[in-house]
Every structure is written in structure tokens, then in C-alpha cells.
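First comes the structure, then the notes that go with it.
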Amino acid sequence: MPPTPRLRRRRLQIGAVLGAVVAVTATAAALTLFVVGARSGPEHRTVFLVDASEVTSRGTPSPETATQETPSPGTASQDTDDDYDFSDITDAVAATALNTADDDALSLRRYGGTCDDTPGNTTQVIDDATQNGRTIADAARTLKPTGQPTLHSGILAAVDDLSQSDATHNRVIVITAHGTDACTEDHKSLERGVTRLLDESGLSLDFRYIGHRLTREDRDSLALTAVATDAPEPVQADTAEDLAAALKEFTLPDSYEALPADLPRQTASVTACSPGEIYRGPKVGPVPSALALPEGFTLPKGTALYGYGGGGFLVGPADARCTIEVPGAAAGTMVGISAADGSRTGVSFGGSAHLHPDSACIGFGGIAPELEEKMKGSHWEGHCKSDGTIRNIPTGTRGLYMGVRRWEPEAGVPETDRPAPSNSFTLSIADLSDWISTHRFSCEAGKDRIDLCVAAFTYHFLRLTEGRGTPGEESDRVGKEIAAILSEAS
């Protein structure tokens, strides 16, 4: 079984990558634009997911009341829909919304309809917002039961509602008078769907379920739904009072279980790179329309994410032209992103998974002990030395070496004769964990756009180290060192 949604809460490992950089220039101050720093959004976001389907009959009594000869009022006995009052649910939601803190964000979604009407069998009634308790309450009281229970559609849509959330605690509270889905009993499919949405968005959330006067069969089905979404055992409310109490417990901030101080991963749209004029490679592979960014990282204003196939992504200026000049394989990969306005702002990347001892030695000879071992028996043995032009940045990752070099302006060319004041940097990376693979990442930007280069370099480092066990504090430090080196040059 794949990891379940609740276990996908991701602890913020890299923190605010540039948030702690002590800036002495206006450029350095701007570097915090693309890093998740102080939280400005609400701490809690809650979706009330209400079963607004019709209840036509009640079946088996609840376990607590099955032995009673005369069922108590409000219990799940063998009664008809005349004994079920939908206003129990709507009144409880309304009362809870009115009592929720104004700085918590709430939304209301209903489900119920026909199986062949997807996504129409679930509707977001009130969009996510703070200070909308009264709006939620008024809307809840206008809901009318209709159609069949379409629980799974509602759950998947509720997760999607929260996909852009910036809150620490995200929760979907399901209030149902059925506990079943009339269209499917495939809980494994539900689990896969929820997991996919969480993976795509990087979202961290939990589910809570309240069954209102359910039959024994409905309780069993709802329990399976809870398992599929890694939720605690559903609360069974046989009375309106029980329902209101459960909603209060699940919604008010002090009732949330203690969670890590996480921030969800943000997602970004991806622009596909196109083959350049000299490209002679195979057809470029598919590029996803969106991608979850590394933990704690967001894009600065005026930048975008580009994909060149094969799982390769780069940060560059927004609305730029991204071209692939060399397709990969033996020649390596070469990708360029140039600003559409004709300025010298841009990013280029060259990488190879093959032996490039010259690049590795020039950057990290005498720094990386692995190089000495790998050069034994070659003409590089005894001659693998750094030329001292790269400022080494320890990565905290075994076998991974990284440094930054600033290229000085061309000698003899006055500043006024250049297209724009520009800084040119190269990020060099040697991965010696297996054999030798090298990455050379260049960025050129005006003095007011150094944040572009910092973002591009930091993103590339974080992508390389994802899943390699790099401690969060090491990632923090690397991001700060990149920012400090580039801001010094500006």
C-alpha cells in the first residue's frame, strides 16, 4: 500500500532559504521575495463537506440502540425519511461556522446527485475565505437534499479545493447521513485519487468524518472510507446534539491535534521548452503542466518554471523563450532560457551524466577527496587541481560538490555600451557519488534581477538533493550562501 495522506505532512526542511540573509543593499533585500518566510495566510483552513443527498429509508439500528425495544428519539432505527431531519446537519454546520475564529478560513461544499454527472454531483457552495462564518451559516441553511450520495466525488473535489492552501492546518470535515457512495465501493481507487492530488499539490491535510444516524452497513462503509484517507475512526452522532459537539471538536483551533510546523509545498505551472534551430535529437518528451516545488521554496515575481523533458526543470525569467540545443545522451544536455524583451537576462544549463574530469578538477580538485581516487591511472592523476576561480559551497550531501563563479564584465567595454547593467554567474556542480556527472548552470541578469539567479541556482540545488537525505539545516545554509555570494557581487 502506498504511503497514506496523513503521513504526507512534510516538515519544512529548508526554512526561509534567504529569509535570514543580512542584506546591505536593496537587491539583497529583494531576495526574500521568493522564499516562504513569515506566514501571512490563515493558520487553519477547513472545508465542510456536507452530504446533501436524499435519505429515503433507514435500515439496521445502530449498535448502541439495536437492543432497545423502542428506539430513542433521533437514533438510527428502522424508520423512514419522515423521521430524518436534514436541518440537524445544516444547523450544526451553521452554528459551528458562526463560532469559528474570523482569522480561520472556511469553505462549504455539498455532494449528492447522479453518478453520470461528474463533477456536477458535488458543488463548492461557498469559496474558501476568512471572516465568512456568517456567509457559511446562511448558505448551509439553504441546502436542500437531492440525488444519490456521491461521497467519493465530494472528497476528491474538497482536496482539490485546498490544493493552493498556504495554511499550516488543512482539514476536510465530512458530515454524512449515509456513509456510502451510491456510485462506487472502490475504496482503493479513492485512496489512489487522494494520494495523487496530494502528491501533485504538495498539500498537507487531514480528514475527519461524522456519521449522522447511520445504519450498521453505512457505518462499516464509512469506516473503510476513513481508512482510505488515513483518517481516525469516524464519530457516530445519533442526535443533533452529538453532531454539533463533534463538529465543534473538529473545527475550533484548540481542538486540532499537535502537528509539525509545516508549510505545504507550493506548485507552479510549467512551460515546455522547444527544440532550437540546431537541435537534431529525438522528439522532446512530455512535460507536466504543473509541478510541486521543493519544500519551502516559491518562485519570485517575474520568474517561471520551464521543463525540457526527461524530468528536467529550470527556473528562468517569465514569458521567456526556452530552447533545447543539445538533447542529452553522450553530448550531455544544453538548454537556454532568454528574455523575450531582448535583454541579457537569461539562464542556461549544461549537464552530462558522463565523465568530465576537466570540469570537475577545475572546480573541485583538491577539495573533493573522491576526485583523487577517481583520477588514479589517468593523465589527470596528480594534476587535478582547482583553478581557484570558484567559491566552494559545502552541500552537506555525500559526494556532491558545488561552487559559484562570477564572470567579470568584458575588459575595455564601457558600461554604457552594454545592453544593460549585467551580472553573470556560473553554478558548477560535480556529483561524485557514483562516477562523475557535472552540471554547469549560468545566469545573467541586471543588478535589479539578482533574485532570478538566486532562485535559479537554489532551485537546481534543491532538485538535485531531494531524496538524498540532506539535512534541512544544510539546505538552509546552502541557500543563504548562494544568496550572500550573489548579493555581494551586485
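Please get the size of the charge dipole for segment 183-236, origin at its Cα centre, with Cβ charges of +1 on Lys and Arg and -1 on Asp and Glu, quoted in debye to the nearest 20. Walk me through the numbers before you get to the answer.
Numbers: 7 positive and 11 negative charges, 31 e Å.
Computed about the Cα centre, the dipole is about 140 debye.
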How far is it, in nm, from the label point at Thr239 to the one at Lys301 when both lie 7 Å from their Cα along the line to the Cβ? 5.6 nm
Cross-link partners of Lys376 among lysines (Cα-Cα below 24 Å; sequence separation of 8 or more within a chain): Lys385
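Under 14 Å from the Cβ of Glu241, count the other residues' Cβ atoms, weight Lys and Arg +1, Asp and Glu -1, and hand me the total. All intermediate terms of the calculation are to be shown ahead of the outcome.
Working: positive: Arg213, Lys248; negative: Asp85, Asp88, Asp91, Asp238, Asp242, Glu249.
Net charge around Glu241: -4.
For Met334, what charge total do you get from the other residues with a beta carbon under 10 Å from its beta carbon, if Lys and Arg give +1 and Asp and Glu give -1?
Working: positive: Arg440; negative: Glu325.
Once positives and negatives cancel, what remains is 0.
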What is the spin-label model distance, in nm, from Ala272 to Lys376 if the labels are put 7 Å beyond Cα along the C-beta direction? 4.8 nm
Using alpha carbons only, what's the Rg to Rh ratio of segment 162-211 with Rh from Kirkwood? 1.01
Report, as a whole number in µm² per second, the diffusion coefficient that Stokes-Einstein gives for segment 140-240 at 25 °C and 0.890 mPa s using the Kirkwood radius over alpha carbon pairs. 173 µm²/s
Using modelled amide H (1.01 Å from N, peptide plane; none on Pro or chain starts), what sits under 5 Å from the amide H of Arg213, excluding residues fewer than 5 places away? Ala237, Asp238
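Around Arg134, under 12 Å between beta carbons, what's the net of Lys plus Arg minus Asp minus Glu among the other residues? Before the final figure, lay out the partial values.
Details: positive: Arg141; negative: Asp102, Asp138.
For residues surrounding Arg134, the net value is -1.
Coordinate-derived values only; no laboratory data. Not measured: the values here are computed from a predicted model. Cβ: placed from backbone, ideal geometry, glycine included. Neighbour counts: every protein chain shown.
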